[in-house]
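What follows is a short report on a single structure.
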Amino acid sequence: YEQYGFKVVVNTEYEKGLSTSIKIGAQHIQSNHHIMVFLGDMPLIKKESYQSIVTQFEEHNHAVCRPIYLAKDNAFTPGHPAIFAHELKPLLMQLEGDQGAQPLIKSLPVHTFKLTDIGIVKDIDLLRMQKFHIQNAYIK
């Protein structure tokens, strides 16, 4: 990962919740760098979606930028990853528990924009559950 500019850090306190992963990542970010929070169980996000998220963040003056999944029925679902302006690092460092950055996102103006990439809302656990239900439907 280092050849791509990433540094891997290990969260030894992961049992205390998602907030600990965000905080340990933020600790290793330079003070003037913005923070994109990726969820490790969402590997299906398209490269173009990441590029769109960064572009949207750069073009709009909001502290937080987050994609919204636009389904075929025009329903919206908040997606991932989100980008946080570097000025929010102190607030990210105060997060607690397993809600991740949701409390912070709910308390700030957020720039949202539509993407049709289902990868921004599908995690591995959800895919496993769907596969399990599909397999069991054929067994009955």
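The values are calculated or read from the model by the stated rules, or taken from the named source; none is laboratory data. In this text the structure is predicted, and so the values were computed from the model without any measurement. Don't worry about glycine lacking a Cβ; one is built from the backbone with ideal geometry, like all the others, and counts go over all protein chains shown.
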### Query
Which residues, taken from the stretch 36-49, are surrounded by fewer than 17 Cβ atoms within 10 Å (Cβ to Cβ), outside any loop (DSSP other than H, G, I, E, B) and in contact (Cβ under 8 Å) with a residue 12 or more places away in the chain?
Glu48
### Query
In this structure, is Ile105 in contact (Cβ under 8 Å) with a residue 40 or more places away in the chain, surrounded by 11 or more Cβ atoms within 10 Å (Cβ to Cβ), in contact with a helix residue (DSSP H, G or I) (Cβ under 6 Å, 6 or more places away or on another chain) and under 20 Å from Gly17 (Cα atoms)?
no
### Task
Confirm whether Ile53 is at pLDDT 95 or above, within 18 Å of Thr112 (Cα to Cα) and either in a loop (DSSP other than H, G, I, E, B) or in contact with a Phe, Trp or Tyr (Cβ under 6 Å, 6 or more places away or on another chain) (or both).
no
### Message
Can you tell me which residue is farthest from the chain's Cα centre (by Cα) among those in the stretch 56-98 that are farther than 24 Å from Gly17 by Cβ, in a loop (DSSP other than H, G, I, E, B) and not charged (D, E, K, R)?
### Response
Asn74
### Message
Residue pairs, Cβ under 6 Å, 6 or more apart or interchain, first in the stretch 13-30 and closer than 16 Å to Pro81 by Cβ and in contact (Cβ under 8 Å) with a residue 40 or more places away in the chain, second of a type in the set (A, V, I, L, M) and part of a helix (DSSP H, G or I). List them.
### Response
Ile22/Leu92; Ala26/Leu92
